[in-house]
Amino acid sequence: MAPVIEAHQLSKKYELGASRPSEDSLREVLMQNLRASWRTLRRGTSANLDASGSKWMWALRDLNFSIEPGDVVGIIGVNGAGKSTLLKILSRITDPTEGFVRLQGRVASLLEVGTGFHPDLTGRENIFLNGVMLGMTKAEVQSKFDEIVAFSELEKFLDTPVKHYSSGMYVRLGFAVAAHLDPEILIVDEVLAVGDMAFQKKCLGKMGQFGSSGRTILFVSHNIAAVLNLCEKGIVLQQGGISFQGDAKSAVNHYVGLVTGEDKKNVLHVADLWNARGRLAQYRPWLYKLELYNGDGKPLEGEIGVGSSIRVHVQFRLQEPSSNFDIRVNFVDLYGQVVFAARSSYERNRHWGERSGQQEIVCEIPNLPLTPAEYRVEAALVIDDKCVDYVEDACRLTIVGTDFYGTGKVPSLGFFVHEQSWHLK
Amino acid sequence: MKSSAELILKPRLGWQPINVREIYESRELFRFLVLRDIKIRYKQTILGGLWAVFQPLTAMLVFTLFFNRLAGIQTDGPPYPLFAFSGLVLWTFFANSVSMSSNSLVGNQVLVSKVYFPRIFIPLASIGALGLDLLIGLLLVFGMMIYYRWPFAPSVLLIPIYVLGTLLAASGAGLILSALNVSFRDVKYAVPFFIQMGLFISPVIYPLQYVPVRYQLLLGLNPMSGMIVGFRHSLLGGSTDWGLVLASLATSVILFLAGLFIFRRMERRFADII
């Protein structure tokens, strides 16, 4: 059969700095052009500098792949590998710079849950708006309306503006609409990274059904468990190129190898959350900074032994005075499972009263009992039970094997270590 | 949804044809976007839809007081408040359309960077939503005519032409400005200023005879001068300067076409730079 998606020498070039519109005033551009022509006069243009004087980079370079009808393909890669760029090209949001893609069939792409939801519109109004925006006709939305509502489990809140929804409800509504699309090719970004576990499972189930009904799915995710569950094939992107293509399991193994190799180079104990990438559009950057220290208060450069104590410092800002704020720090394994969730609301002696403005909070975790592996640290700020900021990949933490049990045996299996005693009778 | 079709995504260079079929096929979405803009516009305001008439009504009161009573500007027939208000209804529609649409892309960044549909819908929907205000304004003009016992002329039937001309001019300007605004936020600051100036170079608060005859055709370069003069005369009677109307109509059409193609050319970079 002819492939449904076929990419040929697909490339995308970005001008660096072009995505900062606040600085992009007319005067700036004029000045830049002047400066560039001056430079050209003096010594010609240098590499990576084009005539307008701005730097550029290839987000994707010469991608070739083809996807057969009915394939369910996972696309994985570290941040900046080109996943989002590829998605944006396939979803027609941006044009490639070179090469082309041929798509055969109706495409629906979900780069975000609840695209186009307007906070002031009710759940009902948003279902229609979102559905039509994603490519359904009004009649289709109408006929599937009851199903969508039932899937979202939000019957009672249909006529409430979605700005009063919790983030979980928001995601449920968005996904409920998306799950009822009927395209031949479905392109999904890591929309599953949000929402509660039970609902994520439900979504994965729904997508699984979708895949087994012979339609083509492209699934981009950090959640390796989901990729393994859902996909038969995998493509691993690295620095704008394809570094592996094959069955899903081998692709995941390849990716895990990449991540473990790559992250050692650039781990710092301070993570800049303010400029963190991949912040979902509904969040504003209220989280500023996350710092990791070991039990003695020394900066923790990404690696620590099993069972060591750590301190997590989080700097954040409360826009309005609040006493009901909650800082959440999750430790997530490479398969996307939250293995340990720390929350400031779990603190018994929480007599902080009302605070506002810049804050710094310290979480002490004695003897973090995670087994040796790579962990991703997530940070979130929740005010009045509503998530206002969430950084999915704040920093990475490597737990290395130590003699935790004092026996010379280094634990590696399982999720955690724990004191244990054995008696032979 | 339509049956499957092959789609090739490749770099688009230079000027592009307008994809009329795609626009026609997604017309339902356009309706939803217009409805959305109408629904959210006056959310969390006390006056709500009354804002649609508040703006031209207050302007009418102020202008009547200052220009008519104090400065002594006379009309070519109708009572000044009626004269000013009929012009202001159309002008307000134009001014709001240009300012709303020029900020529409920047105000809907998520739509631009997360989902595909004809981009042109975003600025045009924000103008479409203002159509309701125009309708309310028109009804109010009719109300005022009844109040002033001013006779309706059969030329009232020509109103759609002037509304259409205004729509074309506002869309053309809105398309160009919204596209420029994506790269250059200067637009946000420049537009309100030029709209304010525009009020004075259009015959909204003064009749055309205040302009020396030799400059009158030059006014045709301002698409709104012909539209306002024609609109007012078709409502309130009086002899229309057809040369001016045609010149303005031609400017509107050219502006609209230029807007369509310039927008089309610039839209492919929106997601990258917004």
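The values are calculated or read from the model by the stated rules, or taken from the named source; none is laboratory data. Quantities reported herein were computed from a predicted structural model and do not represent experimental measurements. For neighbour counting, all protein chains shown are included, and Cβ atoms are generated from backbone atoms with ideal geometry for every residue, glycine included.
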For segment A:142-181, name all the residues that are in contact (Cβ under 8 Å) with a residue 60 or more places away in the chain, within 28 Å of A:Val73 (Cα to Cα) and not in a helix (DSSP H, G or I). A:Leu181
May I ask you to say which residue of A:Ser221, A:Ser213 is at pLDDT below 85, on the phi < 0 side of the Ramachandran plot and touching a helix residue (DSSP H, G or I) at 6+ places or on another chain (Cβ under 9 Å)? A:Ser221
Which numbered condition B:Arg185 fails, given (1) more than 18 Å from the chain's Cα centre (by Cα); (2) in contact (Cβ under 8 Å) with a residue 60 or more places away in the chain; (3) away from chain A (no Cβ under 14 Å): (3)
As an exercise: evaluate B:Tyr215 against (1) surrounded by 16 or more Cβ atoms within 10 Å (Cβ to Cβ); (2) more than 30 Å from A:Leu86 (Cβ to Cβ); (3) free of Cβ contacts under 8 Å to residues at least 12 places away in the same chain and give the number of the one condition it does not meet. (1)
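Can you find, within segment B:157-182, the residue that is surrounded by the fewest Cβ atoms within 10 Å (Cβ to Cβ) among those that are within 14 Å of chain A (Cβ to nearest Cβ) and not hydrophobic (A, V, I, L, M, F, W, C)?
Going through segment B:157-182, the residues within 14 Å of chain A (Cβ to nearest Cβ) turn out to be B:177-182.
Filter once more, so that each one left must be not hydrophobic (A, V, I, L, M, F, W, C): B:178, B:181.
Values: B:Ser178: 31, B:Asn181: 24.
Checked segment B:157-182; the qualifying residue surrounded by the fewest Cβ atoms within 10 Å (Cβ to Cβ) is B:Asn181.
Here's the yes/no breakdown for (1) touching a Leu at 6+ places or on another chain (Cβ under 8 Å); (2) at pLDDT 85 or above:
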{"site": "A:Phe128", "(1), (2)": "no, yes"}
{"site": "A:Val141", "(1), (2)": "no, yes"}
{"site": "A:Ile148", "(1), (2)": "no, yes"}
{"site": "A:Phe151", "(1), (2)": "no, yes"}
{"site": "A:Asp159", "(1), (2)": "no, yes"}
{"site": "A:Tyr165", "(1), (2)": "yes, yes"}
{"site": "A:Tyr170", "(1), (2)": "no, yes"}
{"site": "A:Ile185", "(1), (2)": "yes, yes"}
{"site": "A:Ala193", "(1), (2)": "no, no"}
Would you call A:Leu121 modelled with pLDDT under 90, within 23 Å of B:Arg36 (Cβ to Cβ) and within 14 Å of another protein chain (Cβ to nearest Cβ)? no
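Residues that are in contact with a helix residue (DSSP H, G or I) (Cβ under 9 Å, 6 or more places away or on another chain) and of a type outside the set (A, V, I, L, M): list the strands (runs of 3 or more DSSP E) wholly contained in segment A:308-389 that include at least 3 such residues. Spell out how you get there, then give the answer.
On the way: elements: A:310-322, A:325-333, A:338-343, A:355-365, A:373-383.
In segment A:308-389, the matching strands (runs of 3 or more DSSP E) lie at A:325-333.
For segment A:294-317, check the following and say yes or no: at least one residue is under 29 Å from A:Glu98 (Cα atoms), modelled with pLDDT under 90, surrounded by fewer than 18 Cβ atoms within 10 Å (Cβ to Cβ) and of a type in the set (Gly, Ala, Ser). Explain how you work it out, then say what you get.
Taking segment A:294-317 first, the residues under 29 Å from A:Glu98 (Cα atoms) are none.
No: zero hits.
Taking the residues in segment B:115-152 that are among the small types (Gly, Ala, Ser) and within 14 Å of chain A (Cβ to nearest Cβ) as candidates, determine which candidate is surrounded by the most Cβ atoms within 10 Å (Cβ to Cβ). Lay out the reasoning, then the answer.
If we filter segment B:115-152 for residues that are among the small types (Gly, Ala, Ser), which is where we start, we get B:125-126, B:128-129, B:131, B:137, B:143.
Subsequent filtering for residues that are within 14 Å of chain A (Cβ to nearest Cβ) retains B:125-126, B:129.
Numbers: B:Ala125: 23, B:Ser126: 27, B:Ala129: 22.
This residue is B:Ser126.
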All helices (runs of 4 or more DSSP H) inside segment B:1-107 with 3 or more residues being facing another protein chain (nearest Cβ under 10 Å), free of Cβ contacts under 8 Å to residues at least 24 places away in the same chain and closer than 22 Å to B:Leu135 by Cβ: B:27-41
So, B:Leu65, is that one within 21 Å of A:Gly116 (Cα to Cα) and out of contact with any Cys (no Cβ under 9 Å at 6 or more places or on another chain) or not? no
Of all residues making up segment B:11-60, the number that are within 29 Å of A:Pro119 (Cβ to Cβ) and among the hydroxyl-bearing types (Ser, Thr, Tyr): 3
